[in-house]
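Peer 1: Encoded as structure tokens, here's the structure I'll be asking about.
The values are calculated or read from the model by the stated rules, or taken from the named source; none is laboratory data. For clarity, every value in this text was computed on a predicted model and none was experimentally measured. When we count neighbours, we look across all protein chains shown, and the Cβ atoms used for this are built from the backbone with ideal geometry, even at glycine. The protein model used for the area step is the full one, side chains on, heavy atoms only, and it has no ligands, DNA or RNA in it. Shrake-Rupley method; radii C 1.70, N 1.55, O 1.52, S 1.80 Å.
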Amino acid sequence: MRVIDHFIDGEYTSSLSGRQFEKRSPVDNSLVARISEGGQPEVEAAVAAARRALTGEWGRLTLDQRVDLLYGVANEITRRFDDFVAAEMADTGQPQHVMKHAFIPRGAANFKVFADVIRNVANESFQTPTPDGRGALNYTLRVPKGVIGVVCPWNAPFLLMTWKVGPALACGNTVVVKPSEETPLTAALLGEVMNAVGVPRGVYNVVNGFGPDSAGAFLTAHPGVDAITFTGETRTGEVIMQAAAKGMRDVSFELGGKNAAIVFADADFDAAVDGVFRSCFLNSGQVCLGTERVYVERPLFERFVQALKVRAESVKYGRPEDHATTYGPLISHEHRRKVLGYYQRAVEEGATVVTGGGVPDMPADLADGAWVQPTIWTGLPETAAVVREEIFGPCCHIRPFDSEAEVTALANDNEYGLSTTIWTQDLARAHRMAAAIQVGITWVNAWFLRDLRTAFGGSKQSGIGREGGVHSLEFYTELRNVCVKL
Ligand code: NAD
Ligand code: 6OD
């Protein structure tokens, strides 16, 4: 059986304890690999390697040399594209077209874009008047923060990990990554890429393991970690924030969401149905930016619900390698229990189940996978748990609305504030609403259309800080001001 080890100081290593855990396929529950389970000793070794690398060969590289290495990483990911696609499919069970056209290409882009950003960023300078008339020159130096702890979720593992590792390395830091215990494969594979390209040892480290009382908690509590970047659930973020308080370490958090899609009667109907369908059901609904609340202007309501139902019922379940497959399983049986719990709760709260609501009939070879049906509800009050809480599954509640003011208030009435999509031909209205809705990202007539130079992050309980473009530099570097009397 295949074993996935930690990647520490440029080498694959098993755990001192010899402990391993199983990675099972979400598709059929077969054993994919055994994973070395890290604890305090592995975190200690990885943080020590990362600290050494800061002042070693990596720390001595010129900016151009560092940028060239990051381009090399991106090109090597592209050369090993099929390996990354296969690894991510084995981890998540999601269809190959999603991997090939969205998630894996972003891995390469995450290194290139931040190499470009760091090469082109200008530092501020001021000519400061002084009483003697000679003046002074103030300028800033941008320095790496040090060792960055990177704690990752399972839903788009390679995209989300490289979204943090790319800018962290571009800025000259070193990293210790703790991938999700559900999806360790692509983080491990990236170690091979780093070695092939000649990234110095200790710059990129991976420790596998769990969260509480395990690798995640040990890493985030480690005093040798200078800052922590985390993507995952809001409640986990609260725990990590407490760990980071000791030693005054900075945090950047991308957390949960309960995102609204708003469809006006003047919208391009087919585009809106297609966009809302993707935002609800891509990756089986396991996208932080995904839609779980849909608000449709009343004249369009019935037609829209029926059209979305048709699309939801047309998904093709299957193995990720099969070209015909459009829809995969949830990440695990544990997550399926949570999602099915919400499906049950919706019925108890009085929902009309438009479609789905349970487990699909699957052929015998897939029957042990973590499958659930895409699900649509109507008829619930805004107080219902499935309308308020993040489910992180392939489901949405659709409700009619009558005015811009009403739907703006509905969209804002939630503790999360990650993203919104607005479907309308009236761009003046779209701009007005984008300014009024309390989220980090608003899409108008689009969803998950990304320009990596833009600010990305959440409001309210959806996160702290912004990453993307120069905003990532704010987190992954510190500014030192130098004042020179002339
Ligand atoms: P999670 O919070 O359960 O786990 C994320 C990571 O944190 C895992 O690696 C886990 O092992 C680790 N962890 C758990 N407890 C920890 C602890 N006490 N100390 C240190 N590390 C700990 O999240 P998940 O279930 O893997 O991912 C799904 C969640 O992520 C959803 O809420 C989703 O909205 C969110 N998410 C947000 C974004 C965004 O950009 N805002 C993107 C993707 C996912
Ligand atoms: O596109 C990104 O940079 C990003 N962080 C996407 C997050 C997707 C969440 O599932």
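Peer 1: Could you check segment 283-390 for helices (runs of 4 or more DSSP H) lying wholly inside it with 2 or more residues that are open to solvent by 20 Å² or more (accessible area, probe 1.4 Å)?
Peer 2: Result: 301-312, 333-348.
Peer 1: Taking segment 241-281 as the search range and keeping residues that are β-branched (Val, Ile, Thr) and surrounded by fewer than 23 Cβ atoms within 10 Å (Cβ to Cβ), which one is farthest from residue 328 (Cα to Cα)?
Peer 2: Kept after step one, since they are β-branched (Val, Ile, Thr), are these residues of segment 241-281: 251, 262-263, 273, 276.
Subsequent filtering for residues that are surrounded by fewer than 23 Cβ atoms within 10 Å (Cβ to Cβ) retains 251, 273.
Values: 251: 33, 273: 20 Å.
It comes out as 251.
Peer 1: Please go through segment 250-282 and give me each residue that is assigned to a loop (DSSP other than H, G, I, E, B) and within 16 Å of ligand 2 (Cβ to nearest atom), ordered by number. Steps first, answer last, please.
Peer 2: Step one: of segment 250-282, the residues assigned to a loop (DSSP other than H, G, I, E, B) are 255-258, 264-268.
Hits for segment 250-282 are 255, 256, 257, 258.
Yes/no matrix, rows are residues, columns are (1) outside the structural domain of residue 304 (by TED's automatic domain parsing); (2) within 15 Å of ligand 2 (Cβ to nearest atom):
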residue	(1), (2)
389	no, no
394	no, yes
399	no, no
408	no, no
437	no, no
442	no, yes
456	yes, yes
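Peer 1: Going by the conditions given, is residue 247 assigned to a loop (DSSP other than H, G, I, E, B) and under 21 Å from residue 387 (Cβ atoms)? If you could, list the steps in order and put the result at the bottom.
Peer 2: Working: assigned to a loop (DSSP other than H, G, I, E, B): yes; under 21 Å from residue 387 (Cβ atoms): no.
So residue 247 does not fit the description; no.
Peer 1: Based on what the data block shows, is residue 193 closer than 28 Å to residue 123 by Cα and hydrophobic (A, V, I, L, M, F, W, C)?
Peer 2: Here the answer is no, as residue 193 does not meet what is asked.
Peer 1: What's the total number of residues in segment 157-170 that are buried (at least 24 other Cβ atoms within 10 Å of the Cβ), of a type in the set (A, V, I, L, M) and within 14 Å of the chain's Cα centre (by Cα)? Walk me through it before giving the result.
Peer 2: Of the residues in segment 157-170, the ones buried (at least 24 other Cβ atoms within 10 Å of the Cβ) are 157-158, 160-170.
Pick out the ones that are also of a type in the set (A, V, I, L, M) and you get 160-161, 165, 168-170.
Checking the rest, the ones that are also within 14 Å of the chain's Cα centre (by Cα) come to 160-161, 165.
The total comes to 3.
Peer 1: Let me ask something else about it. What are the residue pairs meeting all of these: first residue in segment 68-92, first residue without any contact (Cβ under 8 Å) to a residue 60 or more places away in the chain, second residue among the β-branched types (Val, Ile, Thr), Cβ atoms under 6 Å, and 6 or more apart or on different chains?
Peer 2: If the second residue must be among the β-branched types (Val, Ile, Thr), the pairs left are 85/104.
Peer 1: Sticking with this one: Would it be correct to say that residue 285 is at positive phi, of a type in the set (Gly, Ala, Ser) and either within 13 Å of ligand 1 (Cβ to nearest atom) or not assigned by TED's automatic domain parsing to the domain that holds residue 150 (or both)?
Peer 2: Answer is yes for this residue.
Peer 1: Moving on to the next point. Across segment 420-445, which residue is surrounded by the fewest Cβ atoms within 10 Å (Cβ to Cβ) among those that are in contact with a strand residue (DSSP E or B) (Cβ under 7 Å, 6 or more places away or on another chain) and part of a loop (DSSP other than H, G, I, E, B)?
Peer 2: If we take residues in segment 420-445 being in contact with a strand residue (DSSP E or B) (Cβ under 7 Å, 6 or more places away or on another chain) and part of a loop (DSSP other than H, G, I, E, B), then 438 is surrounded by the fewest Cβ atoms within 10 Å (Cβ to Cβ).
Peer 1: Moving on. Pull up segment 221-237, narrow it to residues that are among the β-branched types (Val, Ile, Thr) and under 18 Å from the mean Cα position of the chain (by Cα), then point me to the one that is most open to solvent (accessible area, probe 1.4 Å). Quick ask: steps written out before the conclusion?
Peer 2: Narrowing segment 221-237 to residues among the β-branched types (Val, Ile, Thr): 225, 228-229, 231, 234, 236.
With under 18 Å from the mean Cα position of the chain (by Cα) added as a condition, the list becomes 228-229, 231, 234, 236.
Working: 228: 1, 229: 0, 231: 14, 234: 10, 236: 60 Å².
By that ranking, first place goes to 236.
Peer 1: Also, quick follow-up: If you go through segment 126-156, how many residues are open to solvent by 10 Å² or more (accessible area, probe 1.4 Å), touching a helix residue (DSSP H, G or I) at 6+ places or on another chain (Cβ under 8 Å) and within 27 Å of residue 224 (Cβ to Cβ)?
Peer 2: Qualifying residue count for the region: 7.
Peer 1: From the list 399, 388, which one is modelled with pLDDT of 95 or more and farther than 24 Å from residue 313 by Cβ?
Peer 2: 388
Peer 1: Is there a residue in segment 99-108 that is on the phi > 0 side of the Ramachandran plot and assigned by TED's automatic domain parsing to the domain that holds residue 471?
Peer 2: The answer is no; no qualifying residue exists.
Peer 1: Further question on the same structure: Is segment 199-217 home to any residue that is within 14 Å of ligand 1 (Cβ to nearest atom), in a helix (DSSP H, G or I) and touching a residue at least 40 places away in the same chain (Cβ under 8 Å)?
Peer 2: Scanning segment 199-217 turns up at least one residue that is within 14 Å of ligand 1 (Cβ to nearest atom), in a helix (DSSP H, G or I) and touching a residue at least 40 places away in the same chain (Cβ under 8 Å).
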